[in-house]
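Before any comments, here is the structure.
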Protein chains: 2
Amino acid sequence: MFSFVPSSNLIMPRTKKYNEQEVVEKAMNLFWRNGYETTSMQMLEKEMGINKFSIYSSFGSKDGLFMESLKCYKQKLNKLIETLKASSDDVMGIKQYFYDFIAFTKVTDFGKGCLITNTANEIREDCQDCIKELLSQFTNDVKEVFATKLRQDTTKSETIIEEQADYLLISMFGLSSATRIFNKTQLDNYIKNIFKNL
Amino acid sequence: MFSFVPSSNLIMPRTKKYNEQEVVEKAMNLFWRNGYETTSMQMLEKEMGINKFSIYSSFGSKDGLFMESLKCYKQKLNKLIETLKASSDDVMGIKQYFYDFIAFTKVTDFGKGCLITNTANEIREDCQDCIKELLSQFTNDVKEVFATKLRQDTTKSETIIEEQADYLLISMFGLSSATRIFNKTQLDNYIKNIFKNL
DNA sequence: TTTTAAACTAAACAATCGGTTAGTTTTGAG
DNA sequence: CTCAAAACTAACCGATTGTTTAGTTTAAAA
């Protein structure tokens, strides 16, 4: 949750020099590149361009900032999902979503993978429930969108739909891992093969 | 590198109470479960059952211990590769390797993923070259074994071999990611679909 | 048994971690 | 203008990080 926003009838002595949405995006990118533990408050201060005090008054704690970063990440990812939902193509739409994800993770030569899966493993036990929850929520959403797309082919049984949706979902995990290591040609080739039997 | 081993003509006042191979394996498992940063020397002391001093005299630093853990991990992974090499099956042999990997990562209900890919993202920049090197070395090895297996089908062109080997390699990355999140049924289903189009 | 050097224990190291707080600056309502 | 309260700066907090070191124990060679 973001910091307290005063209502207009109270006096408002000073305005923030920074935009919380903007700085949280910078924090998100830092977590995405370096993971949770490796990203120190010092690094966050520098990257976000604001003081520690400001970070704490806006986000409460490092964990709080990280959670806000995850929300920010998820919002960006949701835009890709919305594009997929809006697409008139079914299987080809999903394929395009795979390509969109590569572009989304790209930094210079390689991608940053997926922020959630990147950090899910290293996070302390008391935060794991939260991130696991976020992850399962997200995977369910994506799988459902995949399934809806696949159902446009009415010749497919519901069992097959379920199976193929799971298959595509896990393939997405492979892709997100792979963006950090493999080049564009290899990734394109990977996607081509994934969709061969759909 | 392990600690100094004195030659037999020197006097040997006292023997180590622990076996370096054994304790490095315990360290490896801890890194595998928790990642690099989250795993503290304190946790390592407890898990390895030896004192900090002993860890430092044997492995020099936390980084040194981690590198040794990676080597240990790679050795275990190599055993799976050797099994695959020895197999008379070609594509089915690779499929079995996928199943073997799931069993390899399994802890209780879910898997631990791949130690290298789990930690590659969170590691500090000065260590990244090393782990990236290890990773690319490993991926090249695995890809070559896959390619050799695929070549047993002489109807396939070298272009197709190359393409399919890459495809299988990246699919392995997906699998390693997926072991941490998806259940056995979903993983089996995933593997089934991967091999459908080969 | 004596000797000696490595293995061990435990306390302490500086540095950094996430987080706080006292004090100053700023700004807009009254 | 005045002034109150939030935004800001910077120094500081205890705890924990990885690492070292002084001192003790131990076991094998002489």
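Among B:Arg14, B:Arg151, B:Arg180, the largest mean-square fluctuation in a Gaussian network model of chain B, built with springs joining Cα atoms closer than 10 Å, belongs to B:Arg14. What is region A:20-197's relative contact order, in percent, from Cα pairs under 8 angstrom and six or more apart in sequence? The normalised contact order for region A:20-197 reaches 23 percent. Residues A:Thr117, A:Thr154 in ascending order of nearby Cβ atoms (within 10 Å, fewest first): A:Thr154, A:Thr117. Counting only other chain Cβ atoms within 10 Å of each residue's Cβ, the peptide B:179-185 averages 3. Among B:Val142, B:Val107, B:Val23, which one shows the biggest mean-square fluctuation in a GNM of chain B, springs joining Cα atoms closer than 10 Å? Fluctuation is largest for B:Val107. Which entries of B:Lys71/B:Lys112; A:Lys79/A:Lys156; B:Lys17/B:Lys52; A:Lys26/A:Lys192; B:Lys74/B:Lys106 have Cα-Cα distances beyond 22 Å here? Check vs 22 Å cut-off fails for A:Lys79/A:Lys156; A:Lys26/A:Lys192.
Counting, for every residue in B:117-127, the Cβ atoms of other protein chains within 10 Å of its Cβ and taking the mean gives 5.
In terms of the Cα gyration tensor, with a ≥ b ≥ c the square roots of its eigenvalues, is the protein assembly as shown rounded because a/c is under 1.5, prolate because a/b exceeds b/c, or oblate? Verdict is oblate for the protein assembly as shown.
In which sequence would B:Thr108, B:Thr38, A:Thr148 go, from the one with the fewest C-beta neighbours within 10 Å to the one with the most? Numbers along the way, then the final one.
On the way: B:Thr108 5, B:Thr38 19, A:Thr148 14.
Listing B:Thr108, B:Thr38, A:Thr148 from fewest to most nearby Cβ atoms yields B:Thr108, A:Thr148, B:Thr38.
Binning the alpha carbon pair distances of region A:20-197 at 5 angstrom intervals from zero yields the distribution 1, 8, 16, 18, 18, 15, 11, 7, 4, 2, 1, 0, expressed in whole percent. In chain A, excluding the sites themselves, the longest stretch lacking any of the chymotrypsin sites (Phe, Trp or Tyr not before Pro) that are in a DSSP loop with at most 13 other Cβ atoms within 10 Å is A:5-198. Around the Cα centre of region A:20-197, unit charges on the Cβ atoms of Lys, Arg, Asp and Glu (plus for the first two, minus for the last two) sum to a dipole of about 540 debye.
Exposure proxy ranking for B:Asp109, B:Asp100, based on other Cβ atoms within 10 angstrom of each Cβ and starting from the fewest, stands as B:Asp109, B:Asp100.
Every number in this text was worked out from the coordinates using simple rules, so none of it is lab data. Nothing here was measured: the structure is a model prediction, and the numbers come from that model. Backbone-built Cβ (ideal geometry, glycine too); neighbour counts: all protein chains shown.
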